[in-house]
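The values are calculated or read from the model by the stated rules, or taken from the named source; none is laboratory data. Treat the numbers as computed from the prediction; the structure is a model and nothing was measured. Here the Cβ positions follow ideal geometry from the backbone for every residue, glycine too, while neighbour counts run over all protein chains shown. Protein only, heavy atoms only, side chains kept; ligands, DNA and RNA dropped before computing areas. Shrake-Rupley method; radii C 1.70, N 1.55, O 1.52, S 1.80 Å.
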Amino acid sequence: MGELSHMIEQRLNDAYESLHSANADGDLSLADARQAEIEDLYRIAADNDIQPPVRG
């Protein structure tokens, strides 16, 4: 796994954990920010022909 791929996967893991916590806490602003970050990371991955695992 390349460095960029590893970084994207780690950042996705962190963003998903934060998203789930924000949703559980009712913090809609943080949840929106994390959702946008996740979308950006998937776009960056696609732009670089990286296929990170899809989570939800």
Residue count for region 17-49, restricted to those that are within 11 Å of the chain's Cα centre (by Cα) and either surrounded by fewer than 11 Cβ atoms within 10 Å (Cβ to Cβ) or without any contact (Cβ under 8 Å) to a residue 40 or more places away in the chain (or both): 15
Enumeration of residues in region 1-16 that are open to solvent by 60 Å² or more (accessible area, probe 1.4 Å) and more than 13 Å from Ile50 (Cα to Cα): Gln10, Arg11, Asp14
